[in-house]
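Notes follow the structure.
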Amino acid sequence: MSDTNDAAFQWLYSPIVKEHFTNPKNVFDPDQGFEHDAEGIVGNIKCGDQMMFMLRIKDDVIVDVRWKTYGCASAIASTSMLSEVIKGMNIREAYTIKPADIAKSLGGLPENKIHCSVLGDKALRAAIDTYLEKRGRAGEFKGEDVVVICNCLNITDKDIEQAVKDGARNWDQLQAATKIGTVCGGCKGRAEELLHEYVHIFGS
Amino acid sequence: MDKRFVYMDYNATTPLREEVKAAMIEDFEVYANASSMHEAGRRAYARVDRARSHVASLIGAKTPAEIVFTSGGSESNNTVFNTMYDLGRQENGKFVTKGPRRKIITTAIEHPCVLNSAHRLADEGFPVVFLGVDDLGRIDISDLERELDPARSEGGPTLLVSVMTANNEIGTIQDMEAIAALAKAAGAYVHTDAVQAAGKIHVDASAWGVDYLTLSCHKIYGPKGIGALYVRKGAPILPLIRGGHQEAGIRAGTYNNQGILGFGLAAELALREQPDYESRLRGLRNRFRDAVLASVPDVRVNGHPTKVLPNTIDISFPGAEGEAILLSLDLEGIEVSTGSACASGSLEPSHVLMATGVGPQLAHGSIRFSMGKYTTEEDVAYVLEKLPPIIKRLRRMSTVPSTIEA
């Protein structure tokens, strides 16, 4: 009787996740250091994960990258994958990478682990934002990666993200800040998911 | 050392021991319904009765009649809380039973089946108090005294005090004798979940003076799906599962002959081996603790230093995240559990560790090593070889310093 071929037996994560977890790429090595042009950190330990990206950028192209994370296997693997994907990429393009893209490159993540992989791209964007700010180009890429969540009032994921950054922590506060869901209310499910996700990331 | 398989998750469940497995397989020949009046039925019932005596002896029951077989710990705990619901509920604005006793006192570190049963009573309007614990995981007896005194606390006189004998995560053992004495003096019933304690430390329901005690068979090297509830003679109990007249009408359902037989044998062996088990495991555990403290910097051992289960050691590795540690150990063949939120499917880390006040970082970075009967010195040496580099690797890539928060 063998159950080693059953899906339930397979390692909790895909072989690609396993590889990136056991041999993560571009991890910051404190002994070697890393000269970088920008740095971004997001996450909070209360929720169990935190992520930091360091970028070396030349002519708006990411030439090298290092990262650190306090997080689970999913967080480590997805950040490792992200760090590989963005090498050689224009910062404008890198700015629009979504957690779903990374999860796909990893061969998928378990449903309840998706939220562990949402920090990498946010840390990356934070680093790019810092880079742009330092060069007087603040906000240059804003609006390039927005998704409309509330069609009635044209409220986007970025509006929700901003509201959370400004202090919204629950649905009432989000509604007070954005008026989201006050017309048809059809967006509430998705909006609450995003709220939860952003509170996890920025709500320290 | 060569790669080996090291199971250190005995508090989650234990392997079925060979003697028990063999006895159960033999018993599968006995197919008669133990409730049947004919000879085959009576033979089957005799086996149930023998098993009941062994389970009674394991926990110091005065008579085997004080043991009710159930499907496991969760059912036993639910049966007690459901009985309290019936004792304390109101009908047409009047208490069903005499006296207005409705208050339930339990702790913040109970197993989810007690916590959720208590929350359900709270939802039904019962006053429910969750006692906090100190940094070592012990309840403060003076907190209990205050909560039992209607003049000094809310909720009126207490109906039930439910405190686990020993905690599954950090292993801390409560002073059940003192807790039961106070509760009895205040006229309350006393329940203890002894699922993790039985077989590991001396358990004596009669000496402690508790009214109810919960047991599970699969934690003592017996099969899953069978457990028991000790009900002190004279203590009220009402069926959770209604039907036939099995178990004196307290628990309906055709007898699980093989499960019960396996439980009886597992209990008999556990009782006989308990003193040796305790001294051997405590030695192994303490040597492991000392070696981890010597080989990994900045760690915190959670739970009580001495009033702790002999097989359980919960350690926080600040700077490293628990699920990543668990899966790294898993890749080396070492099986443990963690209090990290990432392993629980929620965003909340271990409620037990949080109740001890260690803070989220230490809770997320915690690993529970629970050893058992089959754990060897070689197993411990293997874990001691694999663990330090794993912690070092994860800490090196961490954004969080490995220092311990005050």
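The values are calculated or read from the model by the stated rules, or taken from the named source; none is laboratory data. For clarity, every value in this text was computed on a predicted model and none was experimentally measured. Backbone-built Cβ (ideal geometry, glycine too); neighbour counts: all protein chains shown.
Points to keep in mind about this one:
- Residue match in the stretch B:268-284 (condition: surrounded by 15 or more Cβ atoms within 10 Å (Cβ to Cβ) and not in a helix (DSSP H, G or I)): no
- Residue B:353 surrounded by fewer than 20 Cβ atoms within 10 Å (Cβ to Cβ) and not in a loop (DSSP other than H, G, I, E, B): no
- Of all the criteria given as (1) assigned by TED's automatic domain parsing to the domain that holds residue B:264; (2) at pLDDT below 95, the one not satisfied by residue B:65 is (2).
- When the residues of the stretch B:106-148 are filtered to those that are among the polar types (S, T, N, Q) and surrounded by fewer than 20 Cβ atoms within 10 Å (Cβ to Cβ), the one that is nearest to the chain's Cα centre (by Cα) is B:116.
- Options B:391, B:367: the member that is more than 9 Å from chain A (Cβ to nearest Cβ), touching a residue at least 40 places away in the same chain (Cβ under 8 Å) and assigned to a helix (DSSP H, G or I): B:391
- Matching residues, the stretch A:11-20, being away from every other protein chain (no Cβ under 11 Å) and either farther than 23 Å from residue B:365 by Cβ or charged (D, E, K, R) (or both): A:14, A:15, A:16, A:19
- Condition met for residue A:108 (more than 9 Å from chain B (Cβ to nearest Cβ), more than 15 Å from the chain's Cα centre (by Cα) and at pLDDT below 90): yes
- One residue from B:323, B:335 being surrounded by 24 or more Cβ atoms within 10 Å (Cβ to Cβ) and farther than 20 Å from residue B:135 by Cα: B:323
- Residues satisfying the stated conditions in the stretch A:171-187, i.e. assigned to a helix (DSSP H, G or I) and in contact (Cβ under 8 Å) with a residue 12 or more places away in the chain: A:171, A:174, A:177, A:178
- Selection status of residue B:397, free of Cβ contacts under 8 Å to residues at least 12 places away in the same chain and closer than 26 Å to residue B:140 by Cβ: no
Matching residues to (1) in contact with a helix residue (DSSP H, G or I) (Cβ under 8 Å, 6 or more places away or on another chain); (2) over 30 Å from residue B:132 (Cβ atoms); (3) assigned to a helix (DSSP H, G or I); (4) hydrophobic (A, V, I, L, M, F, W, C):
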site: B:20; (1), (2), (3), (4): yes, yes, yes, yes
site: B:37; (1), (2), (3), (4): no, yes, no, yes
site: B:44; (1), (2), (3), (4): yes, yes, yes, yes
site: B:62; (1), (2), (3), (4): yes, yes, no, no
site: B:76; (1), (2), (3), (4): no, no, yes, no
site: B:82; (1), (2), (3), (4): yes, no, yes, no
site: B:110; (1), (2), (3), (4): yes, no, no, no
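- Filtered residues of the stretch B:205-228 (kept if out of contact with any Lys or Arg (no Cβ under 8 Å at 6 or more places or on another chain) and of a type in the set (A, V, I, L, M)): B:207, B:213, B:215, B:220, B:226, B:228
- Residues that are in contact with a His (Cβ under 6 Å, 6 or more places away or on another chain) number at least 2 in the following helices (runs of 4 or more DSSP H) confined to the stretch A:39-158: A:73-86.
A quick yes/no check of all residues on (1) of a type outside the set (S, T, N, Q); (2) closer than 22 Å to residue B:348 by Cα; (3) within 13 Å of chain B (Cβ to nearest Cβ):
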position	(1), (2), (3)
A:22	no, no, yes
A:39	yes, no, yes
A:44	no, yes, yes
A:58	yes, no, no
A:68	yes, no, yes
A:75	yes, yes, yes
A:80	no, no, yes
A:84	yes, no, no
A:95	yes, no, no
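- The residue that is surrounded by the most Cβ atoms within 10 Å (Cβ to Cβ), counting only those in the stretch B:297-315 that are in contact with a Lys or Arg (Cβ under 8 Å, 6 or more places away or on another chain) and not in a strand (DSSP E or B), is B:309.
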